[in-house]
1. Could you list Glu140, Glu265 in order of exposure, starting from the residue whose Cβ has the fewest other Cβ atoms within 10 Å?
2. Taking the beta-carbon count within 10 Å as an exposure proxy, list Phe48, Phe158, Phe130 from fewest neighbours to most.
3. Quick check on the chain: helices-only [θ] at 222 nm, where DSSP H runs of length 4 and up contribute -39,500 (n - 2.57) each and the sum goes over total residues. Nearest 500, please.
4. R0 = 25 Å: FRET efficiency of Glu54 with His108, Cβ-based, nearest 0.05?
5. Out of residues 5 or more away from Asn61 or on other chains, whose amide H comes under 5 Å of its own, with H placed 1.01 Å from N in the peptide plane?
6. Rounding to the nearest 20 debye, state how big the charge dipole of the chain is about its Cα centre with +1 on each Lys and Arg Cβ and -1 on each Asp and Glu Cβ.
7. The stretch 47-141: which trypsin sites (Lys or Arg not before Pro) are DSSP loop and have at most 15 other beta-carbon atoms within 10 angstrom?
8. Any idea how far the Cα center of the stretch 32-108 sits from the one of the stretch 222-293, in Å?
Amino acid sequence: MDLTSLPALTVLSDNVTIVEKDKVKIVRVIHDKATAGIALHGGHVVSFKPTGKEDLIWMSNSAIFDGEAALRGGIPVCWPWFGRIASPSHGFARNSEWTLIQHRENEHGVIIELGLQSNEETLAIWPNQFEVRLIVEVTEQLKVTLQTTNTDAKPWTFSGALHSYLNVGDIAKANVIGMGPSYIDSLLEDKECQGGESLAIDQSVDRIYTQPEAVITLQDKALDRSVNVENHGHNCAVIWNPWKENAQSMSDMDNDGYKTMLCIESTVLADSIEEGITLQPSESHQLVTVISA
């Protein structure tokens, strides 16, 4: 996603400005190492482009920037749950307005920190006090940390994901390694399956890999690069591509959008809203994904 042409609403430093696309404000980073954008709506990374390289992050050309809908593409924050185990699907964080807490920069890159905390709207959906920080480190690689803290007087349980959409030159010429042998196939009624060491995408894929390696690699032959996705704090990795039929059914994705994207997600999976990771009062957890080419 090209953010360079958008006029600055606010200049925060030599490297950090606030811009606006339609009704969504975006923290724009322009540094010698890379450019990036993080939308305040959803705490949503919409771009990461190392200097001299193609964007590593895919955004739909038809994404809706109305400040209400979840953005299609980028790195949606699925929290405090992942999937359809409660309503709204994937939680409320990706539809919430986040606050810019701080920004720091030096010759190596820029760190942007956004925050979201419990309020009347979130308590009506999920009755727990919390503070979540999204720490985005823009250097020659992209590091995204979702830090969850229990600010309540009681323990509570959560799940979630950093739902990364990766930019691919041609999905027909790409394959994935490092995802591990065991997966749950969401397209086969959650059947437990075994797979090979390499995954080529030639149809709709929605798999939950339960024993992923620390680094999953997307080999992108069309762009002549390998994209490494290093995850921490997760219990599985989700790989997803909607393919032609499902892309056509999405109003916020071009019909051929599936050809240039693949999701590799750092995920805390749970079967219900009562399951997942339990945090005691004042306890924190970090879910991390590091993306590099």
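Nothing in this text is a laboratory measurement; each read-out follows from the coordinates by a stated rule. Every value quoted in this text rests on a predicted model; they were computed, and no experiment measured them. All Cβ positions, glycine included, derive from the backbone under ideal geometry; neighbour counts span all protein chains shown.
1. Working: Glu140 13, Glu265 26.
In order of increasing Cβ crowding within 10 Å: Glu140, Glu265.
2. Working: Phe48 28, Phe158 25, Phe130 21.
The order, fewest Cβ neighbours first, is Phe130, Phe158, Phe48.
3. Working: 2 runs with 12 residues, N = 293.
Counting only the DSSP helices, I get -1000 deg cm²/dmol.
4. On the way: r = 22 Å, r/R0 = 0.86.
FRET efficiency, Glu54 to His108: 0.70.
5. Asp254
6. Details: 21 positive and 40 negative charges, 72 e Å.
So the dipole magnitude of the chain works out to roughly 340 debye.
7. On the way: sites: Lys53, Arg72, Arg84, Arg94, Arg104, Arg133; in loops: Lys53, Arg72, Arg84.
Qualifying residues, ordered by number: Lys53, Arg84.
8. 12
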